[in-house]
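A.B. asks: Got a structure for you, questions after.
The values are calculated or read from the model by the stated rules, or taken from the named source; none is laboratory data. Predicted model, so just to flag it, every value in this text is computed and none were measured. Glycine gets a Cβ as well: all are built from the backbone with ideal geometry, and neighbour counts include every protein chain shown.
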Amino acid sequence: MTLHRRGNQFLNQFSCACCVTSLGFAEMRKVVLVTGANSGVGLALCERLLSHDTEGLHLCLACRNMQKAQAARSDLLASHPAAQVDLLQMDTSSVSSVLSAAQEFKVRYDRLDYLYLNAGIMPNPEFDVKAFFKGLFSSNVITMFATGEGILTQKDGVTTDGLQQVFATNLFGHFLLVRELEPVLCHEGRTSQLVWTSSNNAHRSAFNPEDIQHRTGTQPYSSSKYATDLLSLAFNQHYEKQGLYSSVICPGFVMTNLTYGILPSFPAILWTLLMPVFWLIRVFTNTFTLTPYNGSEALIWLFRQKPESLDPYAKYHSLTSGLGNNYTQPHKV
Ligand SMILES: NC(=O)c1ccc[n+]([C@@H]2O[C@H](COP(=O)([O-])OP(=O)(O)OC[C@H]3O[C@@H](n4cnc5c(N)ncnc54)[C@H](OP(=O)(O)O)[C@@H]3O)[C@@H](O)[C@H]2O)c1
């Protein structure tokens with residue numbers, strides 16, 4: 001009888017110890033938050049993060065559309081059944097949505113190790129065919145293909161908060177999110193990373209410090225990405241002492257919903273027929289990464305680096321060689 005009671009006591013102690021240990025392991029999981037995680041580069045990044053480390057990560061997909069978010073989560077769990085994948089509803093263009101998402105995040109998690117600020121839009125893009133053909137026969141042709149400089153303009157809108165839509169979605173919502181998540185990002189004795197999906201299309205000429213929302217111009221996308229690069233630099237200066245580091249990347253030219261939106265009337269078959277041309281262009285410019293997997297190369301590369309070793313003045317580019325090999329290269333911002 002005594003033996004039986006002692007056995008039970010031991011079992012209880014053992015199961016408590018197991019609980020504590022497993023809780024310890026759960027707490028040790030690194031928490032990664034990805035915005036715009038349900039498609040394109042963001043979804044490819046999530047897939048690659050889980051392939052890199054299924055057990056040690058707690059992945060949280062922040063998306064505006066929960067149906068799309070559920071579908072992305074199901075896809076990820078189908079290939080990584082043991083993974084921890086949560087969803088968080090957030091519309092980066094809405095101040096109230098960002099504030100409540102940040103609040104919800106802080107209730108659910110007590111740490112955030114990686115924050116990928118990836119959601120982005122390029123609404124109503126207009127492709128300047130005349131400038132494109134002019135560029136084709138100029139010495140600027142490679143730059144034009146690599147950066148889209150001079151051939152893309154957009155018609156911006158205004159959000160219900162009264163902000164320019166591109167500025168709010170690509171930049172301001174993310175800025176607010178970082179500020180709200182400071183308590184979980186900044187911890188003594190531990191580093192955290194912000195990684196912004198910027199672009200080659202971030203041109204200084206498109207950004208006016210007197211008009212940071214780009215109310216008056218026709219290149220709000222380029223302006224928002226240039227401002228992203230500046231903000232990342234400023235965040236590094238502001239947060240470095242608190243162990244929070246910020247980096248910007250460019251995924252290259254990737255075939256995603258955003259890219260297909262540049263020529264919405266273009267039938268899918270034409271895009272497919274264009275692919276061999278794009279592969280050929282890749283021989284001349286390694287920025288034609290083309291697939292979301294390749295485009296997420298710099299994002300996953302940064303995940304593997306010690307943030308203290310990174311250059312705050314660099315933009316990390318996902319690149320794909322003519323033979324299809326992926327690599328990451330820093331270029332001064
Ligand atoms: N594709 C390229 O060639 C290229 C080149 C340079 C930089 N980038 C950048 O790469 C990032 C990812 O874009 P992508 O190419 O992967 O295009 P994508 O497939 O269209 O992905 C964009 C993601 O952002 C989300 N999003 C858009 N507006 C949002 C909002 N208001 N709130 C929350 N989420 C929102 C989208 O959600 P929904 O599905 O609900 O729309 C989607 O998940 C963007 O920042 C883009 O600027 C892309």
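Residues checked against (1) at pLDDT 95 or above; (2) within 16 Å of the ligand (Cβ to nearest atom); (3) farther than 19 Å from G40 by Cα; (4) in a helix (DSSP H, G or I):
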| position | (1), (2), (3), (4) |
| --- | --- |
| L99 | yes, yes, yes, yes |
| E104 | yes, yes, yes, yes |
| L112 | yes, no, yes, no |
| F133 | no, no, yes, yes |
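This table checks each residue for (1) surrounded by 17 or more Cβ atoms within 10 Å (Cβ to Cβ); (2) out of contact with any Pro (no Cβ under 7 Å at 6 or more places or on another chain); (3) touching a residue at least 12 places away in the same chain (Cβ under 8 Å).
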| position | (1), (2), (3) |
| --- | --- |
| L194 | yes, yes, yes |
| T197 | yes, no, yes |
| T218 | no, yes, yes |
| S222 | yes, yes, yes |
| K225 | yes, yes, yes |
| I249 | yes, yes, yes |
| G252 | yes, yes, yes |
| L258 | yes, yes, yes |
| I262 | no, no, yes |
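A.B. asks: Out of everything in the range 274-333 that is farther than 15 Å from T197 by Cα and acidic (D, E), what residue ends up being surrounded by the most Cβ atoms within 10 Å (Cβ to Cβ)?
C.D. replies: Restricting to residues being farther than 15 Å from T197 by Cα and acidic (D, E), the top hit is D311.
A.B. asks: Just one of T92, T54 is away from the ligand (no atom under 13 Å from the Cβ) and either assigned to a loop (DSSP other than H, G, I, E, B) or farther than 24 Å from P251 by Cβ (or both); which is it?
C.D. replies: Of T92, T54, the one residue that is away from the ligand (no atom under 13 Å from the Cβ) and either assigned to a loop (DSSP other than H, G, I, E, B) or farther than 24 Å from P251 by Cβ (or both) is T54.
A.B. asks: Here's a follow-up. Checking the conditions here, which among L11, L3, L61 is under 30 Å from G295 (Cβ atoms), among the hydrophobic types (A, V, I, L, M, F, W, C) and either surrounded by fewer than 16 Cβ atoms within 10 Å (Cβ to Cβ) or modelled with pLDDT of 90 or more (or both)?
C.D. replies: Numbers: L11 fails: under 30 Å from G295 (Cβ atoms); L3 fails: under 30 Å from G295 (Cβ atoms).
It is L61.
A.B. asks: Counting only residues that are over 21 Å from K106 (Cα atoms) and touching a helix residue (DSSP H, G or I) at 6+ places or on another chain (Cβ under 7 Å), which one in the range 57-78 is nearest to the ligand (Cβ to nearest atom)?
C.D. replies: A72
A.B. asks: Among the residues of the range 290-318, count how many are more than 14 Å from the ligand (Cβ to nearest atom), of a type in the set (F, W, Y) and not in a loop (DSSP other than H, G, I, E, B).
C.D. replies: 2
A.B. asks: I would also like to ask the following. Of the conditions (1) closer than 24 Å to D128 by Cα; (2) away from the ligand (no atom under 15 Å from the Cβ), M255 clears all except one; give me its number.
C.D. replies: (2)
A.B. asks: For D156, state whether it is within 16 Å of the ligand (Cβ to nearest atom), under 17 Å from W196 (Cα atoms), charged (D, E, K, R) and crowded, with 16+ Cβ neighbours inside 10 Å.
C.D. replies: Details: within 16 Å of the ligand (Cβ to nearest atom): yes; under 17 Å from W196 (Cα atoms): no; charged (D, E, K, R): yes; crowded, with 16+ Cβ neighbours inside 10 Å: yes.
When the stated conditions are applied, D156 does not pass them.
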